[in-house]
2 protein chains.
Amino acid sequence: MIRINENYLKLKASYLFSDIAKRVTAYTTANPDKPIIRLGIGDVTEPLAPSVLKAFHAGVDEMAARATFKGYGPEQGYAFLREAIATHDYIARGCPISADEIFVSDGSKCDCGNIQEIFATEGLKLAIPDPVYPVYVDTNVMAGRTGPNLEGRYSGVTYLDSTPLNGYVPAIPTGASDLIYLCFPNNPTGAVATRAQLEAWVAYAKANKAIILFDSAYEAYIRDPQIPHSIYEIPGADEVAIEFRSFSKTAGFTGTRCAYTVVPKKLVAYDLLGNSHPVHALWNRRHTTKFNGVSYPVQKAAAAIYTEEGKAEVKAMTDFYLENAALIRKAVVDLGFTCIGGDNAPYIWVNTGTDSWQFFDKLLNEAQVVCTPGAGFGKCGEGHVRISAFNSRANVETALARIAKALGK
Amino acid sequence: MIRINENYLKLKASYLFSDIAKRVTAYTTANPDKPIIRLGIGDVTEPLAPSVLKAFHAGVDEMAARATFKGYGPEQGYAFLREAIATHDYIARGCPISADEIFVSDGSKCDCGNIQEIFATEGLKLAIPDPVYPVYVDTNVMAGRTGPNLEGRYSGVTYLDSTPLNGYVPAIPTGASDLIYLCFPNNPTGAVATRAQLEAWVAYAKANKAIILFDSAYEAYIRDPQIPHSIYEIPGADEVAIEFRSFSKTAGFTGTRCAYTVVPKKLVAYDLLGNSHPVHALWNRRHTTKFNGVSYPVQKAAAAIYTEEGKAEVKAMTDFYLENAALIRKAVVDLGFTCIGGDNAPYIWVNTGTDSWQFFDKLLNEAQVVCTPGAGFGKCGEGHVRISAFNSRANVETALARIAKALGK
């Protein structure tokens, strides 16, 4: 008799986005004359950059002739892309990362979700932020590393609370951890970690023989020159950290699909006898066994981001979203709310001081604006909403005018 | 202390393709004046079809304007592609499969590798063919469903021997199985299963409350109208089977990346108490949690295969490879070998009667032709080599002339 992975039965169904959709549909059905503006979803809206489009088309053209046709490529990605990534994203910042430590993939969601497979299941001590991108938690539940969900939290997980009290950057745990998820600039809060804070995490990981899984999908939004873009800007981090990066928010690739994961060759994990094993070899085995590489024209498109032209174009794109973010942040502060994010991230995390679904309903009903209730991201998200800067300038300005009118004192 | 998944230590390193590469490099270094022809690798060589290229470019163009730009799409694939697949690949053949049972992905390797996650680890009885596509085995080793590898086989697996005695279509096991991997037309042998043989497997699965994982990545090469293209052509198979399909060999997508998996809504698996659970919901949860959809322009390109023009173009492509296959098969038979495949598959599986690496060396040294030693695919592959039809006509003809000269009596 074929049996299921019963860990799936522990998963708490996430109704966040379907609940939002239901409430929005109910409102628009009752009020067909009141168009709504969506500042809820974390998805880009602007077209791909011209040099990216040009390279994308050129890559497709290569598939049209036998002499230039590409069949299976290297599972880890083509050298031209891995080398561009290493040079521009790491070596240029003084990070000791080389091209053969880069694994190109079709998305950070996959990589963040799959990475846990190469680590032990039994007895692994997890540390996961709250609020959080749900993939970190759910994939560990599926793998059997947690107990049941009790009142919104899985037993067996150390939750790293991100609250107004710690400026939304969680404190180092007092006990030991083995596998630590961190995300800066943060989704959903938009908070960033300082160099000193990252240094403390790296020191903690070293002391505990732990590994940090560092999600820096939003690093392209950092404008403060003091804030590290990569965990590898911290000396010694290549001995304790894996980093996830994506072109989704950097260059508008959410529908085009390309990302990468950095697994330094210095990184080790241990067997039960305490012998060390290189994590790079484990991940390489996993990656080549279960993945067949990213579409060739997509890799060509991604590489164009690293040309001089491409760099300027994608910088203009993140600048545009950051200008939206600054407008949102100012409007929210002008209304008397405290918030974080929006300066080095495309999200503004608003401390509403009230139930996050109530605040959501108020914005929807009185301003026809959709945000995301913080409670959907974890217990510590309660009392907050996330407002996204991904939209046109006109929509952002209209939304803010309506919010000011609805909430203004 | 961070610990590794120690199941990875059980994995037997596969040196098949690296060993081939080493021997080829050694030969070409010693004989720079003797160009070799590769009929070893299972990768397409011909360009994408014109209508596929046109749709691919059009998809890229949509990413150039805000009004047509696509961000995150549905993880399961766009409706236009899922509906085209259901209509043309299933409903047209009388299979009871609907669009919402289709999950579009970036490759069958990923899907075949990931599917096991939704099933139990402990006590699951696996049945896996030999010779075999290594992903079926390796992903189960990684998940901890096997014991160690002893003399080329993992304990805890029922191997389904495919040999000259059973016409390379394995017999139904005498004992029970829970999860059964089947692949027809087969990689590496090119053997196909008759309707009666598939009916027997479906009946066996029903009797055992087992699930069949049916890999039909090569179905587009079937020309015999009596051979089923899909397991769902067998009545009741939608209660016991998951099917994997790929555009890789159908339409030359090995470097473009698009595939799909069919999980019927009728399919159930059980918990320890014997309660049934729909597998569709489990896979949907896995797919949406760890995957973010296939690149939009790639999905547009894939959908073009189902237009009248596209169908004719990709049929011409598989016809071309099958003409190569027929030439290879005839040449091999003329030399006095018995073989299978090549009529409804792009692979010819030659019974060499000798050690497969010795035969590989003979072809390399005396005919400058690269094949794949059967021993690399499992114990039952010994005494065989795989010759692939994926190459230009000129290369195939030259290779066959050289083989005839080297091996002719």
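Throughout, read-outs are computed from the coordinates displayed, never taken from laboratory work. All values reported here derive from a predicted model rather than from experimental measurement. Using ideal geometry, Cβ is built from the backbone for each residue, glycine included, and neighbour counts are taken over all protein chains shown.
Placing pseudo-labels 7 Å out from each Cα toward the beta carbon at B:Asp224 and B:Lys405 gives an inter-label distance of 3.5 nm. Across the identical copies, the label point of A:Gly167 (7 Å from Cα in the Cβ direction) is separated from its matches by 7.4 nm, in order from shortest. Each Lys and Arg Cβ is given +1 and each Asp and Glu Cβ -1; about its Cα centre, the protein assembly as shown then shows a dipole of about 60 debye. Each peptide in A:74-82, B:363-371, A:29-37 gets a packing score, the mean of other Cβ atoms within 10 Å over its residues, and the list from highest to lowest is B:363-371, A:74-82, A:29-37.
I'd like the distance between the alpha-carbon centres of region B:138-154 and region A:331-349, rounded to an integer number of Å. That distance is 52 Å. Taking the label point 7 Å along Cα→Cβ, B:Ala64 and its counterparts in the other copies are spaced 1.3 nm apart, in ascending order.
If R0 is 56 Å, what FRET efficiency do you get for A:Asp61 and A:Thr174 from their C-beta distance, rounded to 0.05? Mind showing how you got there, number by number?
Details: r = 58 Å, r/R0 = 1.03.
The computed FRET efficiency comes out at 0.45.
If you add up the charges near B:Cys339, with Lys and Arg at +1 and Asp and Glu at -1, over every other residue whose beta carbon is less than 15 angstrom from its beta carbon, what do you get? Don't skip to the end; give the middle numbers.
Details: positive: B:Arg329, B:Lys330, B:Arg386; negative: B:Asp334, B:Asp343.
Neighbourhood net charge equals +1.
For the listed residue pairs A:Lys70/B:Lys22; B:Lys10/B:Lys206; A:Lys265/B:Lys300; A:Lys109/B:Lys300; A:Lys379/B:Lys300; B:Lys54/B:Lys265, the alpha carbons are over 30 angstrom apart in B:Lys10/B:Lys206; A:Lys265/B:Lys300; A:Lys379/B:Lys300; B:Lys54/B:Lys265. Helix content alone sets the calculated 222 nm mean residue ellipticity of chain B: runs of n ≥ 4 DSSP H residues at -39500 (n - 2.57) each, divided across all residues, give -11000 deg cm²/dmol.
B:Ala84: net charge of surrounding residues, Cβ under 13 Å, Lys/Arg +1, Asp/Glu -1, itself excluded? Show your work: numbers first, answer last.
Details: positive: B:Arg82, B:Arg245, B:Lys300, B:Lys311; negative: B:Glu83, B:Asp89, B:Glu308.
Taking every other residue near B:Ala84 into account, the sum is +1.
A straight Cα-to-Cα reach below 18 Å connects A:Lys405 with the lysines A:Lys34, A:Lys330, A:Lys362, residues fewer than 8 places away in its own chain not being considered. A dipole drawn for chain A from +1 and -1 charges on Cβ atoms has a positive end, and of A:Tyr306, A:Tyr296, A:Gly42 the residue lying farthest that way is A:Gly42. Place +1 on the Cβ of every Lys and Arg and -1 on the Cβ of every Asp and Glu in region B:52-308, take the dipole about the Cα centre, and give the residue among B:Tyr78, B:Ser248, B:Pro96 whose Cα lies farthest towards its positive end. Of the options given, the answer is B:Tyr78.
Taking every alpha-carbon pair in region B:347-409 and binning the separations at 5 Å intervals from zero gives 4, 20, 28, 27, 14, 7, 1 percent.
Pairs of C-alpha atoms in region B:178-277 farther apart than 16 Å represent 57 percent of all such pairs. By the Cα gyration tensor, region A:52-307 has an equivalent ellipsoid whose semi-axes, rounded to whole angstrom, run 31, 20, 18 from largest to smallest.
Let me know the charge dipole size of region B:52-308 about its Cα centre in debye, to the nearest 20, where only the beta-carbon of Lys, Arg (+1) and Asp, Glu (-1) is charged.
With only Lys, Arg, Asp and Glu charged at Cβ, the dipole is about 360 debye.
Sorted from fewest to most neighbouring beta carbons within 10 Å, what does the list B:Ile128, B:Ile348 look like? Write out the running numbers ahead of the final one.
Working: B:Ile128 24, B:Ile348 31.
Ascending number of Cβ neighbours within 10 Å: B:Ile128, B:Ile348.
Set the Förster radius R0 to 56 Å, insert the Cβ-Cβ distance between B:Arg195 and A:Ala200 as r into 1/(1 + (r/R0)^6), and round the FRET efficiency to 0.05.
Details: r = 66 Å, r/R0 = 1.17.
Using R0 = 56 Å, I get an efficiency of 0.30.
Taking a sphere under 10 Å around the Cβ of A:Ala210 and counting the other residues whose Cβ falls inside, with K and R at +1 and D and E at -1, yields a net charge of +2.
Sorting the Cα pairs of region A:1-102 by distance into bins of 10 Å, from 0 upward, gives 10, 18, 20, 23, 24, 5 percent per bin.
Take every pair of alpha-carbon atoms less than 8 Å apart whose residues are at least six positions apart; their mean separation over the length of region A:52-307 yields a relative contact order of 26 percent. Relative to the other identical copies, A:Gly408 shows label-point distances of 9.4 nm, where the label point lies 7 Å from Cα along the Cβ direction and values run shortest first. Pairwise Cα distances in region B:31-150 exceed 16 Å in 78 percent of cases. Normalised by 2.2 N^0.38 Å, where N counts its residues, the alpha-carbon radius of gyration of the protein assembly as shown equals 0.97.
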